[in-house]
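Heads up: the structure comes next, in C-alpha cells.
What follows draws every value from the coordinates through simple rules; no lab data is involved. This one's a predicted model, so the numbers in the text were calculated from it and none came from an experiment. With ideal geometry, Cβ positions are generated from the backbone for all residues, glycine too; neighbour counts draw on all protein chains shown.
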Amino acid sequence: MAEVSPPGGPARETLVRVEALELVYAARGATPVHALSDIHVTVGKGDFISLIGPSGCGKSTLLRIIGDLLSPTSGKVSIGARAPREARLNRDIGFVFQEAALLEWRRIRDNIALPLELRGAGKTERLAKADALMQLVGLDGFQDAWPRQLSGGMRQRAAIARALSTDPSILLLDEPFGALDQITRDRLNMELARIHEVTGITVVLVTHSIREAVLLSDRIVVMTPRPGRVSRLIDVTLPRPRGLDVRNDPRFDALVRLGNAELEKGYHDT
C-alpha cells in the first residue's frame with residue numbers, strides 16, 4: 001500500500017501497518033464467526049485516525065489486535081519495526097477503554113503512576129510524571145482525590161493520563177467518551193485534540209460518531225458490517241488546530257454526509 005500522507009502535506013513515516021488481516025472466531029460445536037476480512041491499513045507517525053462502522057463490524061476488534069489484546073487468524077500487524085506484542089511489552093502502546101477502569105483503592109495520582117510503578121520507576125520520578133500528566137489533561141489539583149470522587153469525564157481524563165505515562169508512540173482509544181453527555185463529550189474531544197497537538201502522539205480512535213471522527217481526525221477508516229472490511233478512507237482536510245466552531249464550516253457538513261453515505265453504502269453492499 002502507499003504510504004499514509006497527511007492532507008496537504010508530505011508523506012509521513014508509517015508507524016502502524018496492517019496487512020491482509022483476518023480474524024475468524026471458531027468454537028467447538030459452533031458456527032465460525034468471520035469478524036474481520038482482508039484488512040489493509042497504514043497509519044502515519046503523528047496521525048489521528050478514526051475507525052467508524054456499524055455495531056459488530058469489528059472496529060474494537062481491530063483496535064485490540066493492534067494493541068496485542070487479540071491475535072489475528074492470519075495477516076500481519078507491525079508498529080514501527082516491532083510486532084504488537086513486542087511493542088506492548090516495550091510500553092509503546094497506550095490503551096484507553098470505554099470504562100476508565102481506575103483502581104478504587106488508589107488515589108488519582110497513584111492510578112496514573114501505576115504503569116511507571118510496574119516498570120520499576122522510583123517514587124519521585126513517577127509522581128512527578130503523574131503530576132505533569134494531570135496538568136496536561138486538566139486534572140491539576142485532584143492528585144489526592146479518590147476515583148469515586150470524580151465525574152465520568154474526569155475519570156476518563158485520568159485514564160488518558162495513565163495511558164500516556166510511559167510515553168507510548170501510539171494511543172489507542174475504544175469509544176472512551178461514548179457514555180458521556182454531549183457537553184462533556186465535546187469538552188473532552190477538545191482536550192484530546194489539544195493533547196494530540198501538544199504531544200504529537202499517534203492516535204487511533206474507535207467511535208460510532210461520524211461527527212466526532214470528522215472533528216478530530218486526519219483520516220477516517222470506514223468499515224463494513226461483519227465481516228469487517230475497509231470500505232473507504234476519508235481524508236479530513238479541515239485545517240488545524242480545530243475548535244468546536246469548525247462544525248459550522250460547510251466542509252465539515254460535507255465530510256459528515258460523505259461518511260454517512262459510505263456507511264449506508266456498506267449496508268447495501270453486504
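Taking amide H atoms as placed 1.01 Å from N in the peptide plane, list the residues 5 or more away in sequence, or in a different chain, whose amide H sits under 5 Å from that of Gly80.
Sorted by chain and number, the residues that satisfy this are Val16, Arg17.
Specify the inter-centroid distance of the range 90-166 and the range 27-74, based on alpha-carbon positions, in whole Å.
That distance is 27 Å.
How would you classify the range 197-270 from its alpha-carbon gyration tensor, with a ≥ b ≥ c the square roots of the eigenvalues: rounded for a/c under 1.5, else prolate if a/b is greater than b/c, otherwise oblate? Before the final figure, lay out each step's value.
Numbers: a/c = 2.73, a/b = 1.51, b/c = 1.80.
It comes out oblate by the Cα gyration axes.
Answer rounded, prolate or oblate for the range 21-137, using the Cα gyration tensor with square roots of eigenvalues a ≥ b ≥ c: rounded when a/c is under 1.5, else prolate when a/b is larger than b/c, else oblate.
Verdict is prolate for the range 21-137.
Measure off 7 Å from each Cα along the Cα-to-Cβ vector at Ser55 and Gln98, then give the distance between these two points in nanometres to one decimal.
With each label placed 7 Å out from Cα toward Cβ, I get 0.9 nm.
Can you give the helix-only mean residue ellipticity at 222 nm for the chain, where every DSSP H stretch with n ≥ 4 adds -39500 (n - 2.57) and the sum goes over all residues, rounded to the nearest 500 deg cm²/dmol? Walk me through the numbers on the way to the answer.
Working: 8 runs with 98 residues, N = 270.
Calculated at 222 nm, the ellipticity per residue is -11500 deg cm²/dmol.
Quick check: from the Cα gyration tensor, does the range 86-135 come out rounded (a/c under 1.5), prolate or oblate?
Working: a/c = 1.68, a/b = 1.08, b/c = 1.56.
Verdict is oblate for the range 86-135.
Could you sort out which of Lys76/Lys123; Lys76/Lys265; Lys76/Lys129 sit more than 32 Å apart by Cα distance in this structure?
Details: Lys76/Lys123 38 Å; Lys76/Lys265 28 Å; Lys76/Lys129 34 Å.
Flagged as over cut-off: Lys76/Lys123; Lys76/Lys129.
Return the percentage of antiparallel bridges among DSSP beta bridges fully within the chain, rounded to the nearest 5 %.
On the way: 19 of 37 bridges.
Bridges in the chain that DSSP calls antiparallel: roughly 50 percent.
How large is Rg over Rh for the range 128-270, taking Rg from the Cα atoms and Rh as the Kirkwood inverse mean of 1/r across Cα pairs? Spell out each step's value before the answer.
Values: Rg = 16.6 Å, Rh = 16.5 Å.
Expressed as Rg/Rh, it is 1.00.
Between Arg251 and Arg148, what length comes free when the chain is fully extended (0.36 nm per residue of separation minus the Cα-Cα distance, one decimal in nm)? Before the final figure, lay out each step's value.
On the way: separation 103, 0.36 × 103 = 37.08 nm, distance 4.11 nm.
That works out to 33.0 nm of additional length.
Give, as ranges by residue number, the residues of the range 17-60 whose backbone N falls under 18 Å from the point 7 Å along Cα→Cβ of Arg82.
17-18, 43-47
What are the equivalent ellipsoid semi-axes of the chain, built from the alpha-carbon gyration tensor (square roots of five times its eigenvalues), in whole angstrom, biggest first? All intermediate terms of the calculation are to be shown ahead of the outcome.
Numbers: eigenvalues 176, 104, 66 Å².
That gives 30, 23, 18 Å for the three semi-axes.
At 0.36 nm per residue, minus the direct Cα-Cα distance, what do Thr199 and His40 gain on full extension? Give it in nm, one decimal, please.
54.6 nm
Calculate I(q)/I(0) for the range 74-184 by the Debye formula, one identical point scatterer on each C-alpha and no solvent, and give its log10 at q = 0.16, 0.17, 0.21, 0.22 Å⁻¹ to two decimals.
For the range 74-184 at q = 0.16, 0.17, 0.21, 0.22 Å⁻¹, log10 I(q)/I(0) is -0.73, -0.81, -1.12, -1.20.
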